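What follows is one structure encoded as structure tokens, with my remarks underneath.
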Amino acid sequence: TSPVVIAIDGPSGSGKSSVSKAVAARLGLAYLDTGAMYRAATVWGMATADLADAGAVTTAVRAMPLVMGLDPVAPGVELDGKDVAETIRTTEVTTNVSKVASNLDVRAELKRLQREIIDQESGAQAVQSGGRGIVAEGRDITTVVAPDADVRVLLTASEEARLRRRSLEVHGADDASAVEATKDQVLRRDQDDAKVTQFLVAADGVVTVDSSDLDFEQTVDAVLAVVTQVT
Ligand code: C5P
């Protein structure tokens with residue numbers, strides 16, 4: 001069987017990353033976290049340029065020494081030879097990432113890198129080395145980066161479910177004050193992101209999976225069912 005490309009988009013707190021990793025691990029596929037690339041670009045931009053200077057950020061990102069690890073069980077992110085897996089998840093980076101992601105030249109450069117990785121994992125080269133394909137997740141994978149993917153899924157969840165999940169993830173609690181504290185990280189960011197990427201409604205041909213009332217395993221199974229249906 002030829003390598004498969006699975007594209008998964010969704011808002012913050014939809015469970016996209018953990019579900020995508022599990023799907024990739026289950027099917028023996030590579031895994032690409034494109035959000036991690038925007039986060040790495042933000043770390044690099046903050047370290048080497050002034051984030052307010054779009055031209056300088058673009059130049060920095062074009063020269064960014066980024067290496068993405070594609071193992072779904074341990075997907076690494078390396079910047080200039082250093083493991084930045086934790087740095088890219090800090091509140092400071094989460095707060096600034098939408099600004100960097102709204103820079104269209106940065107988007108063009110990251111799209112180019114993402115296409116390169118997807119082609120490497122699904123093209124002739126992959127066939128030769130026994131590669132089985134890739135799961136790529138983000139905000140614009142089903143629409144811009146890989147509109148030609150074999151499987152395209154929009155993973156959604158109610159605002160309440162997304163706030164609760166992100167709150168548990170970040171604060172280890174989902175009481176009212178913890179949920180309140182994640183609002184900026186979830187709702188404000190989605191609002192900003194939705195100005196440049198289209199992940200709130202499914203594009204033509206994209207299958208919606210709503211995880212509001214599903215637990216983790218059920219969500220993974222629902223996505224796997226779409227994969228089976230479509231491929
Ligand atoms: O998925 P994650 O929350 O890690 O994404 C971080 C940020 O990267 C998003 O808030 C968005 O600004 C940006 N992003 C994007 N396009 C993608 C993936 C992420 O603009 N395909």
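Observations on the model:
- Verdict on Thr142 being within 12 Å of the ligand (Cβ to nearest atom), in contact (Cβ under 8 Å) with a residue 24 or more places away in the chain and either within 18 Å of the chain's Cα centre (by Cα) or surrounded by fewer than 18 Cβ atoms within 10 Å (Cβ to Cβ) (or both): yes
Residue by residue, here is whether (1) within 16 Å of the ligand (Cβ to nearest atom); (2) of a type outside the set (D, E, K, R); (3) open to solvent by less than 70 Å² (accessible area, probe 1.4 Å); (4) farther than 20 Å from Lys111 by Cβ holds:
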| site | (1), (2), (3), (4) |
| --- | --- |
| Ala173 | no, yes, yes, yes |
| Ala178 | no, yes, yes, yes |
| Val196 | yes, yes, yes, no |
| Asp210 | no, no, no, yes |
| Leu224 | no, yes, yes, yes |
| Gln229 | no, yes, no, yes |
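- Matching residues in region 203-231 - criterion: being in contact (Cβ under 8 Å) with a residue 60 or more places away in the chain, in contact with a strand residue (DSSP E or B) (Cβ under 7 Å, 6 or more places away or on another chain) and not hydroxyl-bearing (Ser, Thr, Tyr): Val206, Val223, Val226, Val227, Val230
So that you can scan it fast, the table gives a plain yes or no per residue for (1) of a type outside the set (Gly, Ala, Ser); (2) away from the ligand (no atom under 16 Å from the Cβ); (3) surrounded by 24 or more Cβ atoms within 10 Å (Cβ to Cβ); (4) in a helix (DSSP H, G or I):
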| site | (1), (2), (3), (4) |
| --- | --- |
| Thr1 | yes, yes, no, no |
| Ile6 | yes, no, yes, no |
| Ser20 | no, no, yes, yes |
| Gly35 | no, no, no, yes |
| Ala52 | no, yes, no, no |
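- Any hit, region 68-90, residues being more than 13 Å from the ligand (Cβ to nearest atom), assigned to a loop (DSSP other than H, G, I, E, B) and touching a Lys or Arg at 6+ places or on another chain (Cβ under 6 Å): yes
The values are calculated or read from the model by the stated rules, or taken from the named source; none is laboratory data. Small disclaimer: the values here were computed from a predicted structure and weren't measured. For neighbour counting, all protein chains shown are included, and Cβ atoms are generated from backbone atoms with ideal geometry for every residue, glycine included. Note: areas computed on protein heavy atoms with side chains; ligands, DNA, RNA excluded. Shrake-Rupley method; radii C 1.70, N 1.55, O 1.52, S 1.80 Å.
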